[in-house]
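Below is one structure; the comments refer to it alone.
The values are calculated or read from the model by the stated rules, or taken from the named source; none is laboratory data. All of these numbers come straight from a predicted model, not from anything done at the bench. Note that each Cβ is placed from the backbone with ideal geometry, even for glycine, and that neighbours are counted across all protein chains shown. Ligands, DNA and RNA are excluded from the accessible area calculation, which covers all protein heavy atoms including side chains. Shrake-Rupley method; radii C 1.70, N 1.55, O 1.52, S 1.80 Å.
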Amino acid sequence: MSARIWVCDDCGRAVFPPRLLCPNCGSPTFHEEAVDEGTLEEFADPGAGIVGSVRVSQGPILIVRVLGQPRRGQVVSLDTDGDIPIARA
Amino acid sequence: MSEAVIVGAGQVPYSRHPPEGTTTEAVLTAALLRALETAGVRIAEVDGLGVASFTLLPDRAIDFAWKLGVRPRWLMDDSNGGASGLQMLQHAKRALEAGDASTIVLVAGDHFTRETFKALIEGYNRATERFLRGIPHGGANVLFAMLTRQQMEAHGLERRDYGRIAVAQRRWAMMNPNAAFRVPLTLEEYLGSPSVAEPLHRFDCVPVVTGADALVLRAEGNGVRVRALRALHNHDGHEGSGLRTGISVIASDLWDAAAAGPGDMDVISVYDDYPAMVLAQLDELGFVGEEGPREFLRRLDEERLPVNTSGGQLSVGQAGVTGGTLGLVEAFMQLTGRAEARQIERARMAVVTNYGMVLYRYGACASAAVLEVSA
């Protein structure tokens, strides 16, 4: 039960979505890391379900499908539905 | 050393419900012909062509040149959406000054069907296809709803503050025969309009329309010159909050290069996909001073500041890529005395911004130009 981010093999910079070269050091190689939770910074409901932005401790901000009753600033657990990150409030 | 001049501009009225049988290539052609007419230039004289359009595909600039009977020595396809106007201007100006072409026409426009618009939104780029489409996000509105809320929190703003932008721009649009929305808009109507994604409601979001813009440029002549143009794309690696655009990085260099400042601008065209981004760019350009955003927005409305005097995308509409050219065409019209009922007295200088290309969470492109009448 986690989402995935990409981390530069050389300098450790974390990115999401994935890049081709590390924006910090230019390295072309990354490894995937699981990330289990993050902070739900914002959310909005366009009518088809709540969409949120979650900042994970490694730095990147993920756009997520939000399940549950969200509150801004709360720690949410992360999952994926295929490639789509999911946050459970 | 020659200096490029915008000698003509044309615009097809933007329409929510274009006639049956409308095509992208027809609206682009119509805008091009209007621009040539204002410039007093014949199609046979055109030896440079730049085209920006989401919906001209599978045709490209070369197809358009072929079908127009144009034989360009300089040719450009631009695919940068709302940043395409200044992108093409940046390249066209250099081409003319280097002698690569003598008469360049830049065209931008789109005509969507429900299907082609949906396809554009859902297949905008790989990041969208892979990580946004299935959420479902339904387009950029939800992203900018979140951004707007962050901006409201940061500056203590309320919906009624942003309403000033929508209401003020509608006031200008009422004097623009090319605008899709020309009925008065009150703050009450703005506040009470249907919700799109809180805090954004109907009048915070640009209407999708069919339309096209065109500009004619030459290496000399009367019209509008570019005092300075700066661009910075992907300024923060898409690792920021989105509340600061690339304009924040280029603004001081832009003003230095232009040997002018915000106070010298008679006309201000900022890319208005959402009121929050209008505010962000105006602040980054230096128009919001000590007074702070709430008071600035009050003055924008009540003092009728010359911001988005066409009515902006919020009232004229967004014909796909035309977000990048709408403000540029308006600046040309104002600076050459062609703005009719909207005319700003003694308009001599304008600043125009472009923004756009929402790669994942916010726009990655940003550029700005300072223009001056050249006669």
| With respect to the numbered conditions (1) over 10 Å from the mean Cα position of the chain (by Cα); (2) in contact (Cβ under 8 Å) with a residue 40 or more places away in the chain; (3) facing chain B (nearest Cβ under 9 Å), which one is the sole condition not fulfilled by A:M1? | (3)
| query | For residues in segment A:47-78 being among the polar types (S, T, N, Q) and farther than 18 Å from B:G139 by Cα, which is nearest to the other protein chains (Cβ to nearest Cβ)? | reply | A:Q58
| field | Sole residue being of a type outside the set (G, A, S), in contact (Cβ under 8 Å) with a residue 24 or more places away in the chain and closer than 29 Å to B:Y14 by Cα, chosen from B:L254, B:L300 | value | B:L300
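Tell me, please, whether a residue that is more than 14 Å from every other protein chain (Cβ to nearest Cβ), open to solvent by 40 Å² or more (accessible area, probe 1.4 Å), assigned to a helix (DSSP H, G or I) and farther than 21 Å from B:G48 by Cα can be found in segment B:89-109. Steps first, please.
From segment B:89-109, those more than 14 Å from every other protein chain (Cβ to nearest Cβ) are B:89-109; that's our starting set.
From what is left, the residues that are open to solvent by 40 Å² or more (accessible area, probe 1.4 Å) are B:90-91, B:94, B:98-100, B:102.
Checking which are assigned to a helix (DSSP H, G or I) leaves us with B:90-91, B:94.
Retained after the next criterion (residues that are farther than 21 Å from B:G48 by Cα): none.
No: segment B:89-109 contains no residue that is more than 14 Å from every other protein chain (Cβ to nearest Cβ), open to solvent by 40 Å² or more (accessible area, probe 1.4 Å), assigned to a helix (DSSP H, G or I) and farther than 21 Å from B:G48 by Cα.
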| Looking at segment B:257-309, which of its residues are open to solvent by 40 Å² or more (accessible area, probe 1.4 Å), more than 18 Å from B:R170 (Cα to Cα) and not in a loop (DSSP other than H, G, I, E, B)? | B:A257, B:G263, B:D264, B:D283, B:R294, B:E295
| request: Could you please let me know if B:V51 is β-branched (V, I, T) and over 20 Å from B:A368 (Cα atoms)? | output: no
| Got a number for residues in segment B:123-163 being open to solvent by 50 Å² or more (accessible area, probe 1.4 Å), part of a helix (DSSP H, G or I) and either more than 13 Å from chain A (Cβ to nearest Cβ) or among the aliphatic types (A, V, I, L, M) (or both)? | 3
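Working carefully through the options B:A228, B:A214, B:A276, B:A260, find the one that is closer than 22 Å to A:G52 by Cα and among the aliphatic types (A, V, I, L, M).
Details: B:A228 fails: closer than 22 Å to A:G52 by Cα; B:A214 fails: closer than 22 Å to A:G52 by Cα; B:A260 fails: closer than 22 Å to A:G52 by Cα.
Criteria check complete, one pass: B:A276.
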| task | Could you list, in sequence order, all residues of segment A:35-46 that are of a type in the set (D, E, K, R) and within 11 Å of chain B (Cβ to nearest Cβ)? | result | A:E41, A:E42, A:D45
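Can you confirm whether B:G221 is modelled with pLDDT of 95 or more, at positive phi and more than 21 Å from the chain's Cα centre (by Cα)? Outline the logic, then answer.
Details: modelled with pLDDT of 95 or more: no; at positive phi: yes; more than 21 Å from the chain's Cα centre (by Cα): yes.
When the stated conditions are applied, B:G221 does not pass them.
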